[in-house]
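One structure below.
The values are calculated or read from the model by the stated rules, or taken from the named source; none is laboratory data. Everything numeric here is computed off the predicted structure, so don't read it as measured data. Glycine also receives a Cβ, built like all others from the backbone with ideal geometry; neighbour counts cover every protein chain displayed. Each accessible area value is taken on the protein alone, full model and side chains, heavy atoms only, with ligands, DNA and RNA left out. Shrake-Rupley method; radii C 1.70, N 1.55, O 1.52, S 1.80 Å.
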Amino acid sequence: MYTDLVMDHFSNPRNVGTIADADGVGLEGNPVCGDLMKIFIKVKEDRIDDIKFQTFGCGAAIATSSMVTEMVKGKTLDEAMTITNRKVAEALGGLPSQKMHCSNLAADALHKAIEDYRTKTAAVAG
Amino acid sequence: MQRVVYLDHAATTPVHPKALEAMLPFFSESYGNPSSIYAIAREARKALDGARESVAGILGCKPNEVIFTSGGTESDNTAIKGVAFAAKSGGNHIITSSTEHHAVLHTCQFMEKFGFEVTYLPVDRFGMVDPADVERAITDKTVLVTIMTANNEVGTINPIADIAKVIKNKNKHIVFHTDAVQAAGSVDIAVDHLGVDMLSLSAHKFYGPKGIGVLYVRRATPFLPQQQGGGQERNRRAGTESVATIVGMAKALEIAATGREEYNRHCQRLRDRLIESILSRIERSYLNGHPTQRLANNANLSFEYVEGESILLNLDMLGIACSSGSACTSASLEPSHVLMAMGVPVEIAHGSLRLTVGSKTTDEDVDYVLSHLPGIIQKLRAMSPLAEVR
Ligand SMILES: Cc1ncc(COP(=O)(O)O)c(C=O)c1O
Ligand SMILES: [Zn+2]
């Protein structure tokens with residue numbers, strides 16, 4: 001049902017964990033199925049310097065979390081904001097159609113983490 | 001070669017070698033149509049009659065009360081629609097329970113489109129229907145009660161005989177149907193012991209072939225046939241009989257009935273090893289279903305902070321096959337309606353795992369699961385934002 005790449009990310013997820021002094025944190029839950037994803041970012045010169053995730057969810061949820069962290073590490077925040085759930089699924093070689101909703105968390109959690117960082121820095125600057 | 005540990009006998013079972021052997025002659029030797037009159041057809045007819053008598057013997061009913069169907073789903077559909085449409089002039093109320101298989105639940109919902117009112121009874125936290133609730137739900141419009149003998153997800157066995165008494169005391173014309181699809185392999189399904197008017201069976205749940213089942217219909221039960229055609233099954237279910245699979249099913253049921261005690265002892269010992277070891281070795285794990293009134297082969301457990309499909313995928317990589325009530329594993333994307341009806345919190349239902357052992361399951365299989373499961377849960381918890389406690 002899942003591609004080899006999905007299974008690879010599921011069995012050996014990249015960037016699992018937390019960042020104690022994260023610059024931004026994003027939490028996204030799926031009220032339908034109960035999957036939950038949390039993303040932590042460290043920002044340096046407007047780039048994602050480090051990123052970690054925690055996920056409570058199925059194969060699709062874990063694999064997309066892992067993939068999104070790989071896709072945006074080192075990217076500028078603006079570049080990271082252009083990542084969509086669809087792009088994450090495509091990078092994984094596709095997901096079964098009934099699983100798309102489980103994968104709709106990864107990019108959203110990332111965007112929330114970036115927004116969290118931006119609100120915090122705006123508050124400091126302001 | 002990778003080890004295969006099959007622990008999903010509630011989903012389906014392998015065909016028993018003796019059942020397979022019994023079936024084989026009816027594919028390309030005695031392949032006649034049992035309705036025809038020449039010799040190879042008579043062989044098929046004889047085998048068909050023999051199978052019907054054998055099934056009737058185990059159900060403790062008359063052979064002409066046994067209808068062969070294409071399986072559990074058809075039997076449930078036919079029972080509900082057949083009675084409801086036949087009894088419509090007498091009333092439009094159906095009683096069922098909220099933990100039934102979808103073959104029953106969705107059929108009941110379908111009947112609502114035809115003016116029927118359906119009561120979906122609650123269950124207790126172990127998944128059991130209370131006969132007193134059945135009694136209270138009965139109105140003068142009730143024509144049918146359908147309550148499963150044993151649940152397919154959590155294995156809880158309902159007090160069918162008690163429910164039958166309550167119904168018949170109130171009004172002996174109300175038809176009582178039970179879905180005994182999961183129960184057949186390990187529970188006494190003699191219809192007079194259960195006190196039911198109708199009962200559904202499916203062969204592939206008791207080491208028979210897929211695509212064949214039984215609907216028992218007690219004499220004089222109001223019943224409108226749901227499949228019209230050539231008049232087979234005494235006009236109650238048209239279509240050329242699937243002689244080979246019927247013969248295989250009858251053989252499998254015979255084996256199940258004669259070996260029931262030994263089978264239950266074997267399964268229960270392995271089931272209890274699984275349950276006890278998992279509960280003691282894995283923190284924050286819970287048993288779903290009834291502690292004692294459960295099918296001998298069913299272990300259903302939940303693990304807090306982890307999701308069921310991710311457990312299944314990890315087990316599958318090790319060759320272990322089982323299932324989950326997680327929302328992510330269901331087509332509807334909702335957690336198991338059974339666990340929800342039992343009041344299991346959503347997060348815990350999301351982390352449920354059903355292990356159902358069978359005749360070929362060994363202690364080594366159980367050891368294999370026990371040696372890997374704690375590590376899998378630990379790995380997934382380490383990844384989970386919900387796991388404050390590790
Ligand atoms: C309780 C119950 N009823 C009905 C069915 C449907 O049976 P079948 O697969 O033969 O259509 C099943 C099997 O999944 C079941 O477990
Ligand atoms: Zn999911």
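The equivalent ellipsoid of region B:186-289 has semi-axes of 36, 16, 14 Å, largest first, where each one is the square root of 5 times an eigenvalue of the Cα gyration tensor.
Shown are B:Phe26, B:Phe85, A:Phe40, whose ranking by accessible area with a 1.4 Å probe and every protein chain present, most to least, is B:Phe85, B:Phe26, A:Phe40.
Taking max minus min of the alpha-carbon positions on each principal axis, chain B gives extents of 69, 53, 33 Å, largest first.
At a threshold of 40 Å², the residues of region B:301-315 that become less accessible to a 1.4 Å probe in the full protein assembly than in their chain on its own are B:Glu309, B:Leu313.
Per the Kirkwood formula applied to alpha carbons, the protein assembly as shown shows a radius of gyration over Rh ratio, Rg over Rh, of 1.06.
Computed extension length for B:Leu318-B:Arg284: 9.9 nm, one decimal, from 0.36 nm per residue of separation with the Cα-Cα distance subtracted. Chain B contacts chain A over a buried accessible area of about 1800 Å², both sides summed; the probe is 1.4 Å and only protein chains count. Counting only protein heavy atoms and a 1.4 Å probe, tell me what percentage of region A:4-119's accessible area is made up of carbon and sulfur. Carbon and sulfur atoms account for 49 percent of the accessible area of region A:4-119. Remark: for residue pairs A:Lys38/A:Lys112; B:Lys62/B:Lys172; B:Lys62/B:Lys205; B:Lys62/B:Lys165, the C-alpha separation exceeds 18 Å in B:Lys62/B:Lys172; B:Lys62/B:Lys205; B:Lys62/B:Lys165. For chain B, a Gaussian network of Cα nodes joined below 10 Å ranks B:Ala39, B:Ala190, B:Ala22 by mean-square fluctuation, and the top entry is B:Ala39. With all pairs of different C-alpha atoms in the average, the Kirkwood value for the hydrodynamic radius of region A:4-119 is 13.6 Å.
Rounded to the nearest Hz, the phi-derived 3J(HN,Hα) couplings of region B:54-71 under the Karplus curve 6.51 cos²θ - 1.76 cosθ + 1.60 (θ = phi - 60°) are 5, 4, 4, x, 6, 7, x, 10, 8, x, 6, 9, 9, 10, 8, 10, 8, x, where x marks glycine and proline. Measuring heavy-atom accessible area with a 1.4 angstrom probe and counting protein chains only, the residues of region A:20-47 that give up at least 50 Å² relative to the chain alone are A:Cys33. Dividing the helix sum by the residues of chain B, where each DSSP H run of 4 or more adds -39500 (n - 2.57), gives a mean residue ellipticity at 222 nm of -12500 deg cm²/dmol. With a cut-off of 10 Å between beta carbons, the residues surrounding B:Met148 carry a summed charge of -3, where Lys and Arg count +1 and Asp and Glu -1. Here the accessible area is traced with a 1.4 Å probe on the protein chains. For region B:1-134, carbon and sulfur cover 57 percent of it. Hull volume per residue, based on the alpha-carbon atoms of region B:238-390 and their convex hull, is 159 Å³.
If the label point is 7 Å along Cα→Cβ of B:Glu262, which residues in region B:4-27 have backbone nitrogen under 17 Å from it? Correct set: B:16-19.
Averaging the Cα positions of each part gives two centres, and for region B:161-180 and region A:1-51 these lie 54 Å apart. Looking at the protein assembly as shown, the accessible area is 41 square angstrom per residue; that uses a 1.4 Å probe and ignores ligands, DNA and RNA.
By the Cβ distance rule of under 4.7 Å, chain A has these cysteines without a partner: A:Cys33, A:Cys102. Mind telling me which of B:Tyr305, B:Tyr38, B:Tyr120 comes out most flexible in a GNM of chain B, alpha-carbon contacts under 10 Å? The residue with the greatest mean-square fluctuation here is B:Tyr38. Calculated FRET efficiency, A:Met81 to B:Gln109, Cβ-Cβ distance, R0 = 30 Å: about 0.10 to the nearest 0.05. Take every pair of alpha-carbon atoms less than 8 Å apart whose residues are at least six positions apart; their mean separation over the length of region B:251-377 yields a relative contact order of 30 percent.
Over all other residues within a Cβ to Cβ distance under 14 Å of B:Val366, the charged ones net out to 0, with Lys and Arg as +1 and Asp and Glu as -1. Computed from the C-beta positions of B:Ala11 and B:Gln227, the FRET efficiency with R₀ = 25 Å rounds to 0.45. For chain B, the cysteines with no partner cysteine C-beta closer than 4.7 Å are B:Cys61, B:Cys108, B:Cys267, B:Cys322.
Here the gap between A:Thr3 and A:Val124, fully extended at 0.36 nm per residue and compared with their Cα-Cα distance, gives a gain of 39.1 nm.
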